[in-house]
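Here the structure is laid out as structure tokens; the discussion comes afterwards.
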Amino acid sequence: KVVWLLACTALASVHGLQSAIPTQPLPLATRRLVAVPRGVDVALPSRHARASAGRSSPCCMALAAADDAGQQLDLGALGRYFFAVLMQLIALTFAFGVLDSAGYASPLGPLPAPAAGGVFLAISLRSRVFSSLDDSAPEERVTATAAEDEALEAALRPDGGGGKPMKKTALRAECEARGLSVDRTMPAEMLQARLRLYFESRARQAAAAAAAITPSWAPSEDSLSLARAAAIAPLHALASCLVYSSSTGRLNEGHFNDPVLLWLALHLCLEDTLRTAQAAEGRVGAAVPGSALVCLSALYAAKQYSDVAPAAGALLALAATWNAVAAAAAADTWRLNNAVRAEPLYPHKVAGMRSQTRLTIEAFEGL
């Protein structure tokens, strides 16, 4: 009952926290605008110049100040992350309970250790299927096409693109198609300003993504995926097999729903959530504390495994080195990119826009 109460609380926070933030834009007097003088070249510097110049370059300072304008803490993303981890852990616990019930009801008894190892290997490789987060890229969720964006940008120009001014209902529909937070009380002028801010922010994000810096020593995504499939997942499975075999005497024979095993399940839930935030949503700053949390959860799970079976704890600690490398790469990536474009160490969004983090059920509902 306590777990389900926490789940309902987290789900309420997804919309409750966002509703607490006013959707009206700030008055013009309180906005932080960055004006670039005529004749100043604001093209992105080269990779070596970015790495060496840092914040001292006027171009970098202008880009950082422009990106800071209108940014705010993404409370909706934090609520969804917490809810996704909690629900994924509940789903894994339920799956373990089903396996235990089926094993004890079967005349053959619980699964043997090799078969249990296959279950642990599959969960380590495909635990993502239990996550409730939508891992599609934010740009894939926009229903408007590139041609429609160009036509809308032309209509938003001061001359109106040579056509009639757009009505309020049409502007609100265009905002909703692009994931902007609007309501029926907003006047047409406010909707137009929000759409212009959206196009400006999207252009800055595209430029920043094209200029993203990756540490030369950091392993590639393909290398990390290969290491996970070839080494990390087998280590998880072997260590969990040792804990599963040692459940006799502590719990029932061959027990999946073991509190010790659930610590690794929690680690996998945190890792899947981090992967969505880092790879799908492109959160460079938030990935730093997220990677540290994932690494700490792996070490704590190794400690719990070691208390039951020392060999299992050693194997899990060896697998945790992969998380340490990933955390170091995330921190160095943030350091290099933060010198060019200010990136806070928490999930953030542009004021007036919806959170780019969403649950799978929201994708089906078209929210």
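Since every read-out is calculated from the coordinates, none of them should be taken as a lab result. Note that the structure is a prediction, hence the values are computed from the model and not measured. All Cβ positions, glycine included, derive from the backbone under ideal geometry; neighbour counts span all protein chains shown.
Residues in segment 256-272 carry Karplus couplings, in order, of 7, 7, 8, x, 5, 5, 5, 5, 5, 4, 5, 4, 5, 5, 5, 5, 5 Hz; the curve used is 6.51 cos²θ - 1.76 cosθ + 1.60 with θ = phi - 60°, and Gly or Pro positions show x.
Using r as the Cβ-Cβ distance of residue 147 and residue 279, and R0 as 25 Å, what FRET efficiency do you calculate, to the nearest 0.05? Efficiency, rounded to the nearest 0.05: 0.30.
For residue 247, the residues whose modelled amide H falls within less than 5 Å of its own, excluding neighbours fewer than 5 places apart on the same chain, are 254, 255.
Simple rule: put +1 on each Lys or Arg Cβ and -1 on each Asp or Glu Cβ in segment 216-353, find the dipole, and look at 235, 325, 351; the Cα lying farthest toward the positive end is 351. Once the Cβ-Cβ distance of residue 113 and residue 328 is raised to the sixth power relative to R0 = 30 Å, the FRET efficiency obtained is 0.30. Amide H to amide H, with H built 1.01 Å from N, residue 71 comes under 5 Å of 351, counting only residues 5 or more places away or on other chains. The phi torsions of segment 286-297, fed into the Karplus equation with coefficients 6.51, -1.76 and 1.60 and a -60° offset, translate into couplings of 5, 5, 5, x, x, 5, 5, 5, 5, 5, 5, 5 Hz, rounded to whole numbers, with Gly and Pro shown as x. Summarising the label geometry, the points placed 7 Å from Cα in the beta-carbon direction at residue 193 and residue 221 lie 3.7 nm from one another. Scanning residues 5 or more positions from residue 359 or on other chains, those with amide H under 5 Å from its amide H are 134, with H placed 1.01 Å from N in the peptide plane.
The label-point distance for residue 135 and residue 321, in a model that sets each label 7 Å from Cα toward Cβ, rounds to 2.6 nm.
Across segment 109-114, computed HN-Hα scalar couplings (Karplus, 6.51 cos²θ - 1.76 cosθ + 1.60, θ = phi - 60°) run x, x, 5, x, 4, x Hz from first to last residue, x flagging Gly and Pro.
When peptides 97-108, 329-340, 266-277 are sorted by average Cβ neighbour count within 10 Å, with the highest value leading, the order is 266-277, 329-340, 97-108.
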